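What follows is a set of notes on a single structure, which appears directly below.
Each value in this text was obtained by applying a stated rule to the coordinates, not by laboratory testing. Everything numeric in this text was worked out from a predicted model, so none of it was measured. Cβ coordinates were reconstructed from backbone atoms using ideal geometry, including for glycine residues, and neighbour counts include every protein chain displayed.
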Amino acid sequence: MTAHLQLPPVAPGGLPLLGHSLSLVGGSSRLEFLQRLRSIGPMVQITVGPKPLMVVNDPDLIHELLTGRLTKHLDKGLLFAKLKLFGKDALPVAEGARHLQRRRLVQPSLHHKQVTGYIDSMVKTIEQTISPWRDGATLDLKTEMQLITQSVIMETLFSSHPPRDAAGKILRSVDTVFMAALQRALLPLRVLERLPTPGNRRLKAAGDVLRRTVEDIISAHRNQPDAFDDVVSLLLNLTDEKGAPLEDDDVLSEITGLLAAGSETTAVVMAWLFYELARNPDLENRMHSEIDSVLNGAPIAAEHIPRLAFTGRLVTETLRLYSPAWLVTRRTTSDVQLGGFELPAGTDLMFSPYTLHRDPDLYSDPQRFDPDRWLPERIQPPQNAFIPFGAGKRMCMGDRFAVTEAVSIAALVASRWRLRPAQGPVVRPIGAITTHPSWLRMVTEAREPTIADVPNL
Ligand code: HEM
């Protein structure tokens, strides 16, 4: 392809010094801003503070970026530069040989067969986490879902089961660390990062909580090396080419990275799924019939998951409409061409699965929550238009884990509870660490499963 322009067109509305930073400050308005940029063209230039940032809108260009010849000329860029946990590059931010080594190490633990083996322990952990729920209670649903997904990751990958109050503290600490990274990426004022502000003190305290939590996990594994067979043992047994073990901070960083990558993402998907079910009683009824008839009173087991087809489509549709990833970044490490544009080394790029999945050129009636759009007989979205887990060599490693877990949570919660929206403000999507609901309180209503014939779904 011949280069027709040096750089993509600049989006209107930039201010001197600040560029488009103000449009990116509000969690809700930044999503709307990015959505509007899609109509400008396949690639659009904005500025974040003094830095230009290329927003890639076209699904095929995004695909090229993630899977094509360009990948070896890219690193993870803006957001990830701020995410050195404990000063180390964990898997989601590592580059080159280190990335490959860690990916190969962790991959078998998240492999399809392995994930199927986790289902019993997932279900037990979900049951334990929701056991304090009482009929008529008002739940902060995002937090409840985060407690579930965090406990599931800690149980299955680290053999650790902190009590509810400690789990809440870990949750808030992960949130603090990742929100700081996001803010620093979107408003890159280095001087603010070093001042003893309340925010920076909170960040330090959050880092300390995570360090203590993970150190306890590591020492439990070191004290009884034969008692565990999980991701922590793999990391503790890993050696470099000279036979030296990983430094403790490397292990800390990897464990925290996995905890963060695998908890909030699935949690917000579940929060949105229950939000949509409460707004769509017909979908809720269909899900209840499916779950009741497939489980037929039995506890959830691996064989049930593939049979919960409608529940699976609800999860897929939630991943489309409320894609947790609203911002994925890359940076060129050498001069490259993309879509006919010439991008010099050091160019920051981003794309948004969230806005892509809501594009009316790619999806019919894109704002409508419609799980049936995924029925095989319906016209499917164009290739490359559905990327909740990214693609290529940095694609999410936990996609199967996440979907299995999501179906298990939906089935277990819905077999016991109906969740009704509590009175309160309008719920809006907020682009923060993930795309989370601005506010989501729901009231529990006990339900008895009915044993029905297999419904026509
Ligand atoms: C619905 C849930 C999830 C969503 C939407 C999601 C989304 C993503 C996305 C979009 C990426 C790619 C980022 C990029 O290209 O820069 C990613 C990477 C990653 N995810 Fe997930 N994720 C989810 C759940 C999980 C779970 C449950 C785990 C672990 C158990 C996990 C582990 C990872 C890891 C390790 C990476 C980095 C891969 C690499 O850089 O090679 N994710 N995730």
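Numbers at a glance
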{"read-out": "Ratio of Rg to Rh over the chain (Cα coordinates, Kirkwood Rh, two decimals)", "value": "0.96"}
{"read-out": "Footprinting exposure proxy for Ser121, Ser415 (fewest neighbouring C-beta atoms within 10 Å first)", "value": "Ser121, Ser415"}
{"read-out": "Spin-label model distance (nm) - Trp439 vs Arg172, 7 Å beyond Cα toward Cβ", "value": "2.1 nm"}
{"read-out": "Likely footprinting exposure, Tyr354, Tyr118, fewest C-beta neighbours within 10 Å first", "value": "Tyr118, Tyr354"}
{"read-out": "Under Karplus coefficients 6.51, -1.76 and 1.60, residue-wise ³J(HN,Hα) of the stretch 336-351 in Hz, glycine/proline x", "value": "9, 10, 9, x, x, 9, 9, 10, x, 3, x, 6, 8, 10, 8, 9"}
{"read-out": "In nm, spacing of pseudo-spin labels at Arg103 and Lys72 (7 Å Cα→C-beta vector)", "value": "1.4 nm"}
{"read-out": "Built amide H within the under 5 Å cut-off of Gly77, gap 5+", "value": "Arg331"}
{"read-out": "222 nm mean residue ellipticity, helices alone, for the chain (DSSP H n ≥ 4; -39,500 (n - 2.57); rounded to 500)", "value": "-15000 deg cm²/dmol"}
{"read-out": "Long-range HN-HN contacts of Leu139 with modeled amide H, under 5 Å", "value": "Met442, Val443, Thr444"}
{"read-out": "Label-point separation in nm, Arg222 to Thr333, each point 7 Å along Cα→Cβ", "value": "3.2 nm"}
{"read-out": "Long-range amide H partners of Val336 with built H, under 5 Å", "value": "Leu343, Ala345"}
{"read-out": "Spherically averaged projected area of the stretch 327-414 from its Cα convex hull (nm²)", "value": "8.0 nm²"}
{"read-out": "Protection proxy ranking, peptides 385-394, 361-370, 101-110, average beta carbon neighbours within 10 Å, highest first", "value": "385-394, 101-110, 361-370"}
{"read-out": "Greater than 24 Å apart at Cα, pairs in Lys142/Lys169; Lys76/Lys142; Lys88/Lys113", "value": "Lys76/Lys142; Lys88/Lys113"}
{"read-out": "Prolate/oblate/rounded label for the stretch 369-417 (Cα gyration tensor, a/c 1.5)", "value": "oblate"}
{"read-out": "Rel. contact order, % - alpha carbon contacts under 8 angstrom, at least six apart, the chain", "value": "26 percent"}
{"read-out": "Relative contact order (%) - criterion: Cα under 8 Å, at least six apart; region: the stretch 276-345", "value": "18 percent"}
{"read-out": "For the chain, size of Cβ-based charge dipole, Lys and Arg +1, Asp and Glu -1, in debye", "value": "1200 debye"}
{"read-out": "Antiparallel DSSP beta bridges within the chain, as percent of all bridges there, nearest 5", "value": "85 percent"}
{"read-out": "Cα-centred dipole magnitude for the stretch 246-306, charges only on beta-carbon of K, R (+1) and D, E (-1), debye, nearest 20", "value": "520 debye"}
{"read-out": "Span from the the stretch 132-161 Cα centroid across to the the stretch 332-359 one, whole angstrom", "value": "37 Å"}
{"read-out": "Dipole-positive endmost among Gly49, Ser334, Ile170 within the chain (Cβ charges, Cα centre)", "value": "Gly49"}
